[in-house]
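Any read-out appearing in this document is the output of simple, stated calculations on the displayed coordinates, not a laboratory observation. Model, not experiment: these values are computed from the prediction. FYI the Cβ positions are ideal-geometry reconstructions off the backbone, even for glycines, and counts take in every protein chain you see.
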Amino acid sequence: MSRMAATRDGYGQALLELADNDKVVVLEADLGKSTKSLHFRKAHPERTISCGIGEQNMLLVAAGMASSGYIPFASTFAIFTERAFEQMRNGVARPNLAVHVCGSHGGTHTGTDGSSAQSIEDLAIYRTLPNVTVLHPCDDVSTRLLTKQLADSNSPSYMRTARNKTPVLYDDVDPSTIQIGKGIELREGVDVAIIACGVLVSEALKAADALSEQGVHATVIDMHTIKPLDTDLVDRVAERCGAIVTAEDHSVIGGLGGAVAEHLSASSCTPLERVGVNDRFGESGQADEMLELMELSAPHIVKAAQRAMNRK
Amino acid sequence: MVHRAQAGHPGGSLSEIDLMAALYSTSLRVRPDDPDWDDRDRFILSKGHASPGMYALLAEKGFISHDDLHSYRVLGGICQGHVDMKWCPGVDFSAGSLGMGLSFGMGCALAARLEGSERRAFVMLGDGEIQEGSVWEAAMAATHHELGNLKVILDRNRIQNDDFCLEQMRMFDIPAKWKAFGWNVMEIDGHNMTEIVDGIKFLDESNNAPSILIAQTIKGKGVSYMEDNPSFHGAAPNDEQFEIAMNELGAVE
């Protein structure tokens, strides 16, 4: 059994490691204990800005600091970043200020708080904004590495992290293989390609195992960067496999599935099945129960793979 | 500008301009020949639609040329409809969506303090604009962080897009609200230059907490038919009205 960890812990660790750069500042909206920016706050209180429960203000304070040469990392729950969407649009993305927003507790996987806390549209809305990079890593290692890369970026970003633990996939990998904008091929198969992000990457691997028992060889991609989408990789696996499944703990509208569908419709029109939250809200439940209820777990990815292959 | 473009916001430009002209002339530390100078004071026109006033001032001060004013609202022009830091030298924030400038200014003020710089952040707010809730998030946060280098001028022209503020959203005792949030507050007549200069001195010298200068102004000041007239919040004068305005303002185009 691999190590289990939550991606938000990777975010917190990355901030600590970034602290050597005295231009890095952290902004909180009363959820530092949850988003894990608290470690930075404890070590560097002078560079941590409490914005109280005020996300709209937080995003623009970050923008002001970015315009003055600082590298702000602002975090709250994914769902509450959405309240500041217009601030992100007009005050951050439009002037292309390198503010890095982290929305933790994203997706239905966040669990028992229920639907009010389960952001299932964040990836979609931020993906519509010019200049904004959108990330949703699958484990704490990749979250840490990608967060650290963001500090060198000249444009804004949105990263979703998850509240609950998932299997760690990258403990032993060469860190240079994890790069913003580059999907990671975790499993190479020829029959169907499963392109997943976040908490569903490990479900995709389980699905590939199940498919393998049926004699189906599946490719599995960790598409941690939703925007810019690694279209070269999408095209390569479309060509090789001829059938694609996307998997995300997010609405089927507009997220990873939407991004891949948009790309494929303009290139190969490879059969695509999207596993995601099917245009509905969640409810209170444990993380694993939610993946089951929302039809996101490995067995559902297997079924989607069969549907996609049948359409070849 | 507004007449040529046949669109724009003359009323709020005329109410703010005395205040901004005085600020740029007596206090604001900026370099027109080096608009991105790191240690400049920041000036954030949060009421970003009142851009003609700002562009005229930037041209007077030499940040842009008078010819640039012809590009107001014209495709490819540096004088975008609402002030934009990506397009126009001397503009520190891309405004246009109300309620954002104070938060941005707070970020600039925090950055200055963190860096050990003496620079200040000045923010021009409209009175209708403070109906936006996030302004009060910023007002509260600025006091919490004891940002004495954050200075606000409130252009209290009493008119917003659709009508008088009194009709749209009564705001009751505005000075008391800012005082209750812990701000230093001074009220002046925003068209009396002696009072304006005193008010800017008050902003310059109040460094223990964020400070606000509440300036009673007249929307459309200086143009008879625009003064106190909600119709000229966001409407251009026709040819005849333009002639009248230029005569009344003693202006040459």
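When you restrict to C-alpha pairs under 8 Å that are six or more residues apart and normalise by the size of chain A, the relative contact order lands at 18 percent. Taking the DSSP beta bridges with both ends in chain A, the antiparallel portion is around 15 percent. Seen from a random direction on average, the alpha-carbon convex hull of the stretch B:53-164 projects onto 8.1 square nanometres.
Out of the DSSP beta bridges found with both residues in the stretch A:184-310, what percent are antiparallel (nearest 5)?
20 percent
Rank A:Arg280, A:Arg94, A:Arg41 by mean-square fluctuation in a GNM of chain A with C-alpha springs under 10 angstrom and give only the top-ranked residue. Among A:Arg280, A:Arg94, A:Arg41, the largest mean-square fluctuation in the Gaussian network model of chain A belongs to A:Arg280. Given 20 °C and 1.002 mPa s, compute D for the stretch A:21-85 with the Stokes-Einstein relation, Rh being the Kirkwood radius over Cα pairs; round to the nearest whole µm²/s. Result for D is 185 µm²/s. Using only alpha carbons, the stretch B:2-249 has a radius of gyration to Kirkwood radius ratio (Rg to Rh) of 0.95. Rounded, prolate or oblate: which one fits the stretch A:4-167, using the alpha carbon gyration tensor with axes a ≥ b ≥ c (rounded when a/c is under 1.5, else prolate when a/b beats b/c, else oblate)? Judged from the Cα gyration tensor, the stretch A:4-167 comes out rounded (a/c under 1.5). Comparing A:Ala298, A:Cys241, A:Ile180 along the charge dipole axis of chain A, the residue lying farthest to the positive side is A:Ile180, per the Cβ-charge model.
Global dimensions of chain A from alpha-carbon coordinates: Rg and Dmax equal 18.5, 58 Å. Computed from Cα atoms, the angle from the helix B:101-115 axis to the main principal axis of chain B rounds to 50 degrees.
Do the sum for chain B: with -39,500 (n - 2.57) for every DSSP H run of n ≥ 4, divided by all residues, what is the mean residue ellipticity at 222 nm, to the nearest 500 deg cm²/dmol?
Working: 9 runs with 94 residues, N = 253.
Value at 222 nm, helices only, nearest 500: -11000 deg cm²/dmol.
Per-residue ellipticity at 222 nm from helix content only, as computed over chain A with -39500 (n - 2.57) for each DSSP H run of at least four residues, stands at -10500 deg cm²/dmol. About its Cα centre, the dipole of the protein assembly as shown is roughly 820 debye, where the only charges are +1 on Lys and Arg Cβ and -1 on Asp and Glu Cβ.
Considering only B:Gly48, B:His9, B:Asn208, the residue lying farthest towards the positive end of the dipole of the protein assembly as shown is B:Asn208, judged by Cα position with unit charges set on Cβ. Pairs spanning more than 25 Å between alpha-carbon atoms, out of B:Lys86/B:Lys221; A:Lys33/A:Lys148; B:Lys61/B:Lys151; A:Lys227/A:Lys312; A:Lys23/A:Lys182: B:Lys86/B:Lys221; A:Lys227/A:Lys312; A:Lys23/A:Lys182. For a quick check, take a GNM of chain A with Cα springs below 10 Å and name the residue from A:Ser297, A:Ser34, A:Ser251 with the largest mean-square fluctuation. Result: A:Ser34 has the largest fluctuation of those listed. For the stretch B:148-253, trypsin sites (Lys or Arg not before Pro) meeting the loop criterion (DSSP other than H, G, I, E, B) and having at most 13 other Cβ atoms within 10 Å: B:Arg170. Ordering A:Pro130, A:Pro167, A:Gly32 by Cα displacement along the dipole of chain A toward the positive end leaves A:Pro130 in first place; charges were set at the Cβ atoms of Lys, Arg (+1) and Asp, Glu (-1).
Mean per-residue shielding of peptide B:96-105 is 6, counting Cβ atoms of other chains within 10 Å of each Cβ. Exposure proxy for B:Tyr55, A:Tyr126: other Cβ atoms within 10 Å of each Cβ, ordered fewest to most, give B:Tyr55, A:Tyr126.
Comparing B:Glu115, B:Glu146, B:Glu240 in a Gaussian network model of chain B (Cα springs below 10 Å), the most mobile by mean-square fluctuation is B:Glu240. Please tell me the relative contact order of the stretch A:1-94 in percent, rounded to the nearest whole number, where contacts are Cα pairs under 8 Å and at least six residues apart. Relative contact order for the stretch A:1-94 comes out at 30 percent.
Largest first and in whole Å, the equivalent-ellipsoid semi-axes of the stretch B:141-253 read 32, 18, 10, each the square root of five times a Cα gyration tensor eigenvalue. Computed over the stretch A:184-310, the alpha-carbon pair-distance distribution with 5 angstrom bins reads 2, 13, 25, 26, 20, 10, 4, 1, 0, each value a whole percent. Taking every residue in A:67-73 and counting other chain Cβ atoms within 10 Å of its Cβ, the average works out to 5. Against the longest principal axis of chain B, how steep is helix B:51-61, in degrees 0 to 90 to the nearest 10, with axes from Cα atoms? Between the helix axis and the principal axis of chain B, the angle is about 80 degrees. Looking at the protein assembly as shown alone, DSSP beta bridges between its own residues are antiparallel in about 10 percent of cases. Once the Cα atoms are used to define both axes, helix A:298-310 deviates from the longest principal axis of chain A by about 50 degrees. Among the residues of B:131-138, the average count of other protein chain beta-carbon atoms within 10 Å of the residue beta-carbon is 5. Here the stretch A:184-310 is assigned +1 on the Cβ of each Lys and Arg and -1 on the Cβ of each Asp and Glu. Its dipole about the Cα centre then comes out at about 280 debye. Rg over Rh for the protein assembly as shown works out to 1.05, using Cα positions for both radii and the Kirkwood form for Rh.
Please work out whether the stretch B:1-79 counts as rounded, prolate or oblate from its C-alpha gyration tensor, where a ≥ b ≥ c are the square roots of the eigenvalues and a/c under 1.5 means rounded, while otherwise a/b larger than b/c means prolate and anything else oblate? Judged from the Cα gyration tensor, the stretch B:1-79 comes out oblate (a/c at least 1.5, b/c at or above a/b).
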